[in-house]
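Reviewing the structure listed below.
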Amino acid sequence: MIRRKADLSERDRLMANLGIPANTIEILQKYNFNFQKKYGQNFLIDTHVLDKIIASAGVGKDDCVLEIGPGIGTMTQYLAENAREVIAVEIDKALIPILEDTLSGYDNVTIMNEDILKVDINKIAEEKNHGQPIKVVANLPYYITTPIIMGLFENHVPLESITVMVQKEVADRMQVGPGTKDYGALSLAVQYYAKPEIVANVPPNCFMPRPSVGSAVIRLTKYKKPPVETTDERHLFSLIRASFNQRRKTLVNGLLNAGNLGVTKEEILLALERMGLSATVRGEALTLEQFARLSNLLMK
Ligand code: SAM
């Protein structure tokens, strides 16, 4: 659905800016909107945070941006002002008439009433950006943060970066390295594909309704080529998952208990020895580079 362009005056923009809490309240009342907890609906009501997200994502006039879960269109307005083209995918049918209203001043926004986990994002990138890398910018529904982000990476969507609001704890898990309690399969999976950087911490009072957890904006800048060499990506990720399934076990026991790696205890011990690692090392001590080396040795 292509919007018709209207040249908004500065005053109109301010009147319509949903980052201003009074404007959000007015729209919610006008449409008698009921928040759906099951969809993780916490709408942003802070213009500084919105400015910060757009700046951190580096959204500019050449960009094609995918927004996941536009809600009532608060961030979509900011994206439409700054990007060449915006595709906003929203699951909640009740929000579509609201989005058609709040975004009626823009001709560069396409609204899709779909579940982001079911939609073919590669096809969107192909149709809207000739298969060239797109930017993903979103205040994500927290209940599906990991499947959304991993889906974008694993399906090889042409991506420049992903700049998203997520639960603070999840942002920490994506960014940390070995030896910390937050380090795990998500950290390694994200860091295989992208360089993570937390760009802002956001308190609950910047949302309506307020979430019960703290939030953070994280930017994931996609690597052109993964930072480590691996003979088999799937084996590397199976190995990583197996290593963190039982955090308190040694790496050797974790891998053996996984049962799907097809390796013997002797082969694992030999590989660890060749890498100069102890037989009692735990998975949480290994870097991405070490996991890649271990995977390559075990594949031989
Ligand atoms: N972008 C808005 C904002 O910042 O105010 C809303 C963000 S809210 C945290 C998450 C949005 O994602 C909601 O509008 C929700 O309905 C939508 N959503 C939830 N699950 C979805 C899914 N599977 N596919 C697409 N949108 C979804």
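The numbers here are math on the coordinates, done by the rules we state, and not lab data. Quick caveat: nothing in here was measured; it's all calculated off a predicted structure. Ideal geometry is used to build each Cβ from the backbone, glycine not excepted, and the neighbour counts take in all protein chains shown.
General observations
- Identity of the residue in region 104-147, in contact (Cβ under 8 Å) with a residue 60 or more places away in the chain, out of contact with any Leu (no Cβ under 7 Å at 6 or more places or on another chain) and over 22 Å from Arg219 (Cβ atoms), that ends up farthest from the ligand (Cβ to nearest atom): Asp107
- Output for region 38-95, where each listed residue is among the hydroxyl-bearing types (Ser, Thr, Tyr) and over 12 Å from Val137 (Cα atoms): Tyr39, Thr47, Thr74
- Within region 53-79, being in a helix (DSSP H, G or I) and within 13 Å of the ligand (Cβ to nearest atom) holds for Ile53, Ile54, Thr74, Met75, Thr76, Gln77, Tyr78, Leu79.
- The residues of region 46-67 that are under 15 Å from Gly19 (Cα atoms) and more than 18 Å from the chain's Cα centre (by Cα), listed by number, are Asp46, Thr47, His48, Asp51.
- First in region 188-209 and in contact (Cβ under 8 Å) with a residue 60 or more places away in the chain, second anywhere and assigned to a strand (DSSP E or B) and among the hydroxyl-bearing types (Ser, Thr, Tyr), Cβ under 6 Å, 6 or more apart: Val202/Ser215
- Some residue of region 228-245 being within 27 Å of Glu67 (Cβ to Cβ) and either surrounded by 21 or more Cβ atoms within 10 Å (Cβ to Cβ) or more than 16 Å from the ligand (Cβ to nearest atom) (or both): no
- Considering region 249-292, and only residues there that are touching a residue at least 24 places away in the same chain (Cβ under 8 Å), charged (D, E, K, R) and in a helix (DSSP H, G or I), the residue that is surrounded by the fewest Cβ atoms within 10 Å (Cβ to Cβ) turns out to be Glu289.
- Criterion applied to Ala216, Ala200 was being within 16 Å of the ligand (Cβ to nearest atom), surrounded by 20 or more Cβ atoms within 10 Å (Cβ to Cβ) and either under 15 Å from the mean Cα position of the chain (by Cα) or basic (Lys, Arg) (or both), and the one residue passing it is Ala216.
- Filter pass, Val217 being farther than 30 Å from Pro203 by Cα and either among the β-branched types (Val, Ile, Thr) or outside any loop (DSSP other than H, G, I, E, B) (or both): no
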